[in-house]
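Down below is the structure, laid out as structure tokens.
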Amino acid sequence: MNAGLELILTGSAALFAVGAFAIVARRSALMMLIGTQFMFMAACLAFVAFARFGLGAVNATSGAAVAIFAGATAVARRRARRRSTLRWLASSTIKRTPS
């Protein structure tokens, strides 16, 4: 059994809706982060589906390449944000004495 474009896009839309609900519900910051990751994975799934079944099916690996590039960008952004947060915490907790 092969999954067609409609089935994959329906699954992607459902995953996106779950992520959007997690952001709107706002129970905790962790759930909001998980919701954004669900939305991100839904978009990556749609990229891969359109590359496989869409008009650009001649080069079917382009959707996977875009998904991997977008994932690497998200990871780099998260690491940069964490590093700047840690730097801010370290500078705010150190008390400097005037000399």
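The values are calculated or read from the model by the stated rules, or taken from the named source; none is laboratory data. Computed from a prediction, not measured in an experiment: that's the story for all the values here. FYI the Cβ positions are ideal-geometry reconstructions off the backbone, even for glycines, and counts take in every protein chain you see.
Among the residues examined, residue 10 qualifies as surrounded by fewer than 17 Cβ atoms within 10 Å (Cβ to Cβ), over 17 Å from the mean Cα position of the chain (by Cα) and closer than 22 Å to residue 68 by Cα.
Here is a yes/no grid of residues against (1) assigned to a helix (DSSP H, G or I); (2) surrounded by 15 or more Cβ atoms within 10 Å (Cβ to Cβ); (3) modelled with pLDDT of 80 or more:
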| position | (1), (2), (3) |
| --- | --- |
| 14 | yes, no, yes |
| 24 | yes, no, yes |
| 47 | yes, yes, yes |
| 63 | yes, yes, no |
| 80 | yes, no, no |
| 86 | yes, no, no |
| 92 | yes, no, no |
